[in-house]
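One structure is given below, encoded as C-alpha cells.
Only the coordinates and a few stated rules stand behind these numbers; no lab work does. Bear in mind the structure is a predicted one, so any value in this text is a computation, not a measurement. Don't worry about glycine lacking a Cβ; one is built from the backbone with ideal geometry, like all the others, and counts go over all protein chains shown.
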Amino acid sequence: MSLTPQEMQATRTSFQENITLLNQSFEEIAQALNTSAAYVQAVANLDAVHIEDPWILKNYLEGQLQHSGKKPIPFTALKGDFHQYWFLDSQRIESGKLERSN
C-alpha cells in the first residue's frame, strides 16, 4: 500500500495527536511494544522497518485510548480491517510487538 504525500502527512499528524492525547512518553510506549523510544518515533514518522509497524503502533494507541475512556483521533489512511490487506502480515500485527530497534 503506497500512500500519497498528503496521506503520509495526515497519518503522521494522526500519530502525533494520538500520542499527545494518550499522554504516555515514547519510552512508555516503547516498553509496551518491546522496542526503543527512537523506533516508536521513527514508526510515528512512517520510517518503519516493516510495513506492518505503523499498524501495530496505531492499534496500540487506539486500544490504550479506548481503555482510558478517550476517543482516538481517526486515521484516514490506516483504516479498515488489516486482515483484508493481502500484503500485510496479519500475524505480525496481531503480535502487538515492534521489532526491537535502536
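Some observations on this one:
- Estimated inter-spin distance, Leu3 and Ile51, nm [label 7 Å along Cα→Cβ]: 1.4 nm
- Fully extended contour minus Cα-Cα distance, from Gln41 to Ser68, at 0.36 nm per residue: 7.5 nm
- log₁₀ of I(q)/I(0) at q = 0.12, 0.16, 0.17 Å⁻¹ - the chain, Debye sum with one point per alpha carbon: -0.34, -0.63, -0.72
- Dipole axis of the chain (+1 Lys, Arg; -1 Asp, Glu on Cβ), positive-most option in Met8, Phe87, Ile19: Ile19
- Between the stretch 71-91 and the stretch 6-52, the alpha-carbon center distance in angstrom: 15 Å
- Mean Cβ count within 10 Å, highest first, over the residues of peptides 8-19, 53-64, 29-40, 79-90: 53-64, 29-40, 8-19, 79-90
- Eligible aspartates and glutamates near Lys71 by straight Cα distance, threshold 18 Å, same-chain separation 8 or greater: Glu17, Glu62
- P(r), alpha carbons of the stretch 1-43 - 10 Å bins starting at zero, rounded %: 28, 47, 25, 0
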